Amino acid sequence: RQGIGEPSVYHAVVVIFLEFFAWGLLTTPMLTVLHQTFPQHTFLMNGLIHGVKGLLSFLSAPLIGALSDVWGRKSFLLLTVFFTCAPIPLMKISPWWYFAVISMSGVFAVTFSVIFAYVADITQEHERSTAYGLVSATFAASLVTSPAIGAYLSQAYGDTLVVVLASGVALLDIGFILLAVPESLPEEMRPVSWGAPISWEQADPFASLRKVGQDSTVLLICITVFLSYLPEAGQYSSFFLYLRQVIGFSSETVAAFIGVVGILSILAQTVVLGILMRSIGNKNTILLGLGFQILQLAWYGFGSQPWMMWAAGAVAAMSSITFPAISAMVSRNADPDQQGVVQGMITGIRGLCNGLGPALYGFVFYLFHVELNEMAEVETLGKASKPNMANPTDESSIIPGPPFLFGACSVLLSLLVALFIPEHNLTLRSGSHKKHSNGAQTHTHSPQAGASDGKEPLLEDSSV
């Protein structure tokens, strides 16, 4: 195998860290370029750009995953990282091309999918959740550190240096994959023919979604994920821009905000999540996380002062426990040979939200006329300033962040649905332990795994 040493989780961790560190450096310059390029409808265009990227990722992820099952992970890691980072140098060369390429790069912006497949190749079933947690924590760590570094360098030396540095980090990531990352997919796991055809069912992004209605518990979980992650995806795409130019945060304050909330989120997902799961149970942990998310979104929606954003950020960190708790519930209660199917459904729901959420947020900002004034005015705002609205006499002055209130209503519906998810009466079906010990079941990361068993309930009620 080409690369350094045997394939390991640490190879995956380095690839993820470098990719998202490069993009994190660009947090401050990107907000400036976005407003300069689309001064009239900044939020709307930001939502459309991220929406197109998310939808393309949703459509392409199953195909890239299926192809990586045939051709190996390394080549597709190289492909996804290269095209995901390709727009970075265009930020200073041509902003219009930069945003166009960002939208189109969604076709290959599925590095996480390939990384999770890479990790699944080299870990046993009982190790996998820990390994995935390490990868996710690395992603969070890269976003905790890089925006602050980028903001400082941008303030001291200008945006051009930050773009050059981010491009260098991206090239370093590509070089690391080429030279250091060994292939994880064993030869015996690949089809006999190197160019084996891929079936449409493997590449169909809606295949996993069509299986949702086959089990009532899975249906409830997927609806909960959709209604709670839709506003989260939209918030992630626009919130830093909102802080920067509507609330009046400086670039350094935005970077500090990201760092503080990121650190609190890591603590919540590692320390607090474990304590809550042991003390109040899986379902109650999910309900608590959704409650924190409702409070956080409502606070963002009505908040107009910087201190309110900081307070809501602490609540946002606690709301980050929701999805890990949902994943744990599914992982504990699904048969080993159904893990790929159920997790694939949830991943598909999240991918769909990554496309719909940003577009929804941008459209709601546009409907409520939340627009931006000139960047120069934003720079001169004091910390105690009122929200920087283009039309302060309309309803926007009463509700600074309308999309966040829409998001709070969506999560409230998600909470009501989650109340009906059973917890204590879920268990693995008989015979599952035999399946678990079978070595052939170790590669359950593919969403198509166990599709032939699709007519059986994916999560079984032991009381029946």
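The values are calculated or read from the model by the stated rules, or taken from the named source; none is laboratory data. Computed from a prediction, not measured in an experiment: that's the story for all the values here. Note that we place each Cβ from the backbone using ideal geometry, even for glycine, and neighbour counts take in every protein chain shown. For the accessible areas, the whole protein counts, side chains as well, though only heavy atoms, and no ligand, DNA or RNA atoms are used. Shrake-Rupley method; radii C 1.70, N 1.55, O 1.52, S 1.80 Å.
Hey, with R₀ at 25 Å, roughly what FRET efficiency would PHE420 and THR270 work out to, going by the Cβ-Cβ distance, to 0.05?
Computed FRET efficiency for PHE420 and THR270: 0.30.
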*How much of the accessible area of segment 1-186, probe 1.4 Å, is carbon plus sulfur, in whole percent?*
73
_Sorted peptide list for 8-16, 353-361, criterion being average Cβ within 10 angstrom, highest first_ = 353-361, 8-16
*FRET efficiency, 1/(1 + (r/R0)^6) with R0 22 Å, evaluated for GLN36 and TYR152 via beta carbons*: 0.55
*asked:* Can you work out the Karplus-derived ³J(HN,Hα) for every residue in segment 82-90? Use 6.51 cos²θ - 1.76 cosθ + 1.60 with θ = phi - 60°, whole Hz, and x for glycine or proline.
replied: 4, 6, 5, 8, 4, x, 4, x, 6
*Remind me, relative contact order of segment 1-186 in percent, using alpha carbon pairs under 8 angstrom and six or more residues apart?*
48
*asked:* Please report the accessible area of GLU232 (heavy atoms, 1.4 Å probe, ligands and nucleic acids excluded) in Å², nearest 10.
replied: 90
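Using Stokes-Einstein with the Kirkwood hydrodynamic radius over Cα pairs, what translational diffusion coefficient do you get for segment 1-186 at 37 °C and a viscosity of 0.692 mPa s, in µm²/s rounded to a whole number? Mind showing how you got there, number by number?
Values: Rh = 17.1 Å.
So the translational diffusion coefficient is about 192 µm²/s.
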*Please name whichever of PHE99, PRO7, ALA66 sits farthest to the positive end of the charge dipole of segment 1-136, dipole taken about the Cα centre and charges placed at Cβ: Lys and Arg +1, Asp and Glu -1.*
PHE99
*Highest average packing first - 62-69, 151-158, Cβ atoms within 10 Å*: 62-69, 151-158
_Accessible surface ranking that places the most exposed of PHE420, PHE38, PHE83 first, with a 1.4 angstrom probe_ = PHE420, PHE83, PHE38
*Tell me, in nm to one decimal, what length is gained between CYS409 and TRP310 on full extension, where the rule is 0.36 nm per residue of separation less the Cα-Cα distance?*
33.5 nm
